[in-house]
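Engineer: Pasting a structure here, questions to come.
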Amino acid sequence: QVQLVESGGGLVQPGGSLRLSCAASGNIASISGMGWYRQPPGKQRELVASITTGGSTNYADSVKGRFTISRDNAKNTIYLQMNSLKPEDTAVYFCQAVDGSLVYWGQGTQVTVSS
């Protein structure tokens, strides 16, 4: 079992920045990759960014150049640095961890971009 706890969401003005954190605990040695997803109001959950244990990253086109995913292996934590935020980035952001065929989710953290 893997437990994921997100933090760092909140209300920010357009053009602002936020950094999300996701701390993993439990059977973390089996995790092959982690990522961030988001679910805007009334829409389906979508991939934002992902990172493998080897450090390879992948981003949704809508966030390329604005968001950066990173990991701190010593802290078993991944981060999502979000810059130049837009109102359309408003969503609940979820952390995900993959262990073979098993997928774990955090509880989500709300990000609201509004003036």
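The values are calculated or read from the model by the stated rules, or taken from the named source; none is laboratory data. None of the values given here were measured: they were computed from a predicted structure. Reconstructed Cβ throughout: ideal geometry from the backbone, glycine too, with neighbour counts over all protein chains shown. Accessible surface areas use protein heavy atoms only, side chains included; no ligands, DNA or RNA. Shrake-Rupley method; radii C 1.70, N 1.55, O 1.52, S 1.80 Å.
Engineer: So, counting K/R as plus one and D/E as minus one, what does the shell of residues with Cβ under 12 Å around Ile31 add up to?
Structural biologist: Overall, the nearby charge balance is 0.
Engineer: Would you look at the GNM of the chain, springs on alpha carbons closer than 10 Å, and say which of Ser21, Ser62, Ser50 moves the most?
Structural biologist: Residue with maximal mean-square fluctuation among Ser21, Ser62, Ser50: Ser62.
Engineer: Once the piece of chain linking Lys75 and Ser32 is laid out straight, how much longer is it, given 0.36 nm per residue of separation minus the C-alpha distance between them?
Structural biologist: Full extension from Lys75 to Ser32 adds 13.9 nm.
Engineer: If you don't mind, another one. Points 7 angstrom from Cα along the Cβ direction at Ser7 and Arg19: gap in nanometres?
Structural biologist: 1.3 nm
Engineer: Also, I was wondering about something else. Along the charge dipole of the range 35-80, pointing to its positive end and built from +1/-1 on Cβ of Lys, Arg, Asp and Glu, which listed residue (Thr52, Thr77, Pro41) has its Cα farthest out?
Structural biologist: Result: Pro41, furthest along the dipole toward the positive end.
Engineer: What does the charge dipole of the chain about its Cα centre add up to, to the nearest 20 debye, if the Cβ of each Lys and Arg holds +1 and the Cβ of each Asp and Glu holds -1?
Structural biologist: It comes to approximately 140 debye.
Engineer: Give the residue from Thr90, Gln1, Ser30 lying farthest towards the positive end of the charge dipole for the chain; charges sit on Cβ (+1 for Lys and Arg, -1 for Asp and Glu) and the dipole is referred to the Cα centre.
Structural biologist: Farthest towards the positive end: Thr90.
Engineer: Taking only protein heavy atoms into account and a 1.4 Å probe, give the accessible area per residue of the chain in Å².
Structural biologist: 51 Å²
Engineer: Quick check: from the Cα gyration tensor, does the range 37-91 come out rounded (a/c under 1.5), prolate or oblate?
Structural biologist: Values: a/c = 2.03, a/b = 1.80, b/c = 1.13.
Taking the square roots of the gyration eigenvalues as a ≥ b ≥ c, the range 37-91 is prolate.
Engineer: State the percentage of accessible surface on the chain attributable to carbon and sulfur atoms; use a 1.4 Å probe and exclude ligands, DNA and RNA.
Structural biologist: The computed percentage sits at 48.
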